[in-house]
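Let me begin by presenting the structure, written as structure tokens, before commenting on it.
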Amino acid sequence: METEEFRRYGKEMVDYICNYLETIKNRRVTPMVSPGWLKDEIPTEAPFHPEPFDDIMKDVENKIMPGVTHWQHPQFHAYFPSGNSYPSILGDMLSDAIGCIGFSWAASPSCTELETIVLDWLGKAIGLPDEFLTIPSRYRGKIEDEQNQHKDTDIPNNIDVTKSSGGGVLQGSASECVFVCMLAARAQAIKRLKKIHPFVEEGVLLSKLMAYCSREAHSCVEKGAMMAFVKLRILEPDEKNSLRGITVRQVMEQDEAMGLIPFFVSTTLGTTSCCSFDNLLEIGLVCKQFPAIWLHVDAAYAGSAFICPEFRQLLNGIEYADSINLNPNKWLLTNFDCSAMWVRDRLKLTSALVVDPLYLQHGHEGAIDYRHWGVPLSRRFRSLKLWFVLRNYGISGLQKYIRKQCQLAKKFESLVRADKNFEIANDVKLGLVCFRIKNDLSNKLNKKLLECINDSGKLHMVPAMVHDKFVIRFCVVAQHATEADIEYAWKVIKELSAEITCTEKE
Ligand code: PLP
């Protein structure tokens, strides 16, 4: 494709995107296709001769769109939101055009440095302690002052990225964040134990390591432990689905008594099933009483809410954590992939992940090389889209968005509560409401209701088990969701549940 064609089709693509998003409501939220359907629509081999762009776009509408689940649809209430906004799309488009592979500072200095700066911006905006920032805020103001006003300040001359201990990075997913933190914790633990038992083999030490999480933690913790080859103890949360300090303490003491070595605790702020919050403060205090436990906080969904000061008490205890992740690509209007992670001590992270062949080295001592902060070598210019979002909405715009979504969840909760046939199954703190038909001991009615909801094509939701009960998760997802969308969803749910209850009685 030549530049002039790109200019033309690029504009047409923007029009297509705008029309798609503006008229998305007219489509079924979930597709009506069965596995394997696409192979009947698309040739079995790639075309040998070039095809006109117009033909490709026709197939997008006629062949691809029929199999798309529309995550940006106002009646999509499944999972958690998939972040999306125009500034983010435009930022990613530019990132694609620049097309750099930012594995080291030298591979594209702006790619590295913007990531560091944007992660500091976001870290500050959600109220992370200074230790998690690359350039702590107490110095950043002074540095900016100095640059702006060209006057001397009392900035210690060691304030550069080589001297601060923490920092942020963008990973591809929350699962990767949890995994790399677990790897770092494992490396730290083995290093510490090797000093105490220099003649014991690393494999033996590894077999003693114990990681911990709640039953409500995301399955990525279990997967991470499997890949890191460490044992994971899955603990029972309390009646509010919150993991408590006492539970963690008792189990870690029992493990120590058996000769095992606790090394990693993964807590969740905003669990996937019901958006419950582990008691980070209690768990943090417990971890401090054991030698060198790495405390991780997975706030993949809920973390974005901390941009609003009124939700920040949910982050209490962060002062004890070693690392935290949140996904702007879930709830901060930023397109996938964009998973933010901060560590208190970046050397502890990178020392588990550094390999340094000659062809990747450069002479810029002390600059950040993000390839040492994660699994892949190649990295996209992901910070660009987040920078566009933070600048174009401003913190105030993002706060407005989060608050609106929480208010809509409260609206849905009140509609459910007002109906004597239904009950709410979670403590609705943010944008997720778990509800169910009452007195359905076998869960049969609720399963049927969810099936009908999804078959209708009018709404899309997914289930969860909360306190051993089957519940339907209703998440406020669409960026521009309105009260009318919530009322519509409740109307459809009530109609379908009435039909089910009638059929059951017959
Ligand atoms: N952690 C929590 C709390 C989640 O809710 C999810 C996904 O919804 C994940 C981790 C996994 O996220 P990712 O798909 O970014 O790996």
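Quick notes on this structure:
- Size descriptors for the stretch 175-215, from the alpha-carbon set: Rg then Dmax equal 11.6, 36 Å.
- Chymotrypsin sites (Phe, Trp or Tyr not before Pro) within the stretch 1-67, DSSP loop, no more than 11 other Cβ atoms inside 10 Å: 48
- The stretch 64-138 and the stretch 468-484 have Cα centres spaced 24 Å apart.
- Rg and Dmax over the alpha-carbon atoms of the stretch 169-299 stand at 14.2, 47 Å.
- Exposure proxy ranking, count of Cβ atoms within 10 Å, fewest first, for 465, 182: 465, 182
- Over the chain: Rg over Rh, Cα atoms, Kirkwood Rh: 0.99
- All-pairs alpha carbon distance profile, the stretch 372-495, 10 Å steps from 0, percent: 12, 35, 25, 18, 10, 1
- Per-selection Kirkwood Rh - the stretch 267-424 (Cα, Å, 1 d.p.): 18.3
- In plain terms, the bigger the Kirkwood radius, the slower the diffusion; for the stretch 318-408, with that radius from Cα pairs, at 20 °C and 1.002 mPa s, Stokes-Einstein puts D at 136 µm²/s.
- Put a plus charge on the Cβ of each Lys and Arg, a minus charge on the Cβ of each Asp and Glu, and nothing anywhere else: the dipole of the stretch 1-132 about its Cα centre is then about 580 debye.
- For the stretch 72-137, the normalised intensity computed at q = 0.20 Å⁻¹ comes to -0.97 (log10 of I(q)/I(0), Debye sum over alpha carbons, equal scatterers, no solvent).
- Annotation note: GluC sites (Glu not before Pro) in the stretch 283-368 located in DSSP loop regions with a Cβ neighbour count of at most 15 within 10 Å are 365.
- Solution diffusion estimate, µm²/s, Stokes-Einstein, the stretch 222-292, Kirkwood Rh from C-alpha pairs, 10 °C, viscosity 1.306 mPa s: 123
- The charge dipole of the chain, taken about its Cα centre with unit charges on the Cβ of Lys, Arg, Asp and Glu (plus for the first two, minus for the last two), comes to roughly 1240 debye.
- Normalised by the number of residues in the chain, the mean separation of alpha-carbon contacts (under 8 Å, six or more apart) gives a relative contact order of 21 percent.
- Per-residue ellipticity at 222 nm from helix content only, as computed over the chain with -39500 (n - 2.57) for each DSSP H run of at least four residues, stands at -13500 deg cm²/dmol.
- Cross-link pairs beyond the 23 Å C-alpha cut-off, checked among 63/447; 420/444; 124/330; 63/458; 458/491: 63/447
- Per-selection Kirkwood Rh - the stretch 34-97 (Cα, Å, 1 d.p.): 15.0
- Chymotrypsin sites (Phe, Trp or Tyr not before Pro) within the stretch 180-239: DSSP coil, no more than 13 neighbouring Cβ in 10 Å: 199, 229
- Taking 1.306 mPa s as the viscosity and 10 °C as the temperature, the Stokes-Einstein diffusion coefficient of the stretch 1-127 based on its alpha-carbon Kirkwood radius rounds to 86 µm²/s.
- The convex hull drawn around the Cα atoms of the stretch 447-506, when projected onto a plane and averaged over every direction, covers 4.7 nm².
- The simple spin-label model puts a point 7 Å past each Cα toward its Cβ; for residue 22 and residue 395 those points are separated by 3.5 nm.
Since every read-out is calculated from the coordinates, none of them should be taken as a lab result. Just so it is clear, the structure is predicted and the values come from calculations on it, not from any experiment. Positions of Cβ are backbone-derived with ideal geometry, glycine not excepted, and every protein chain shown enters the neighbour counts.
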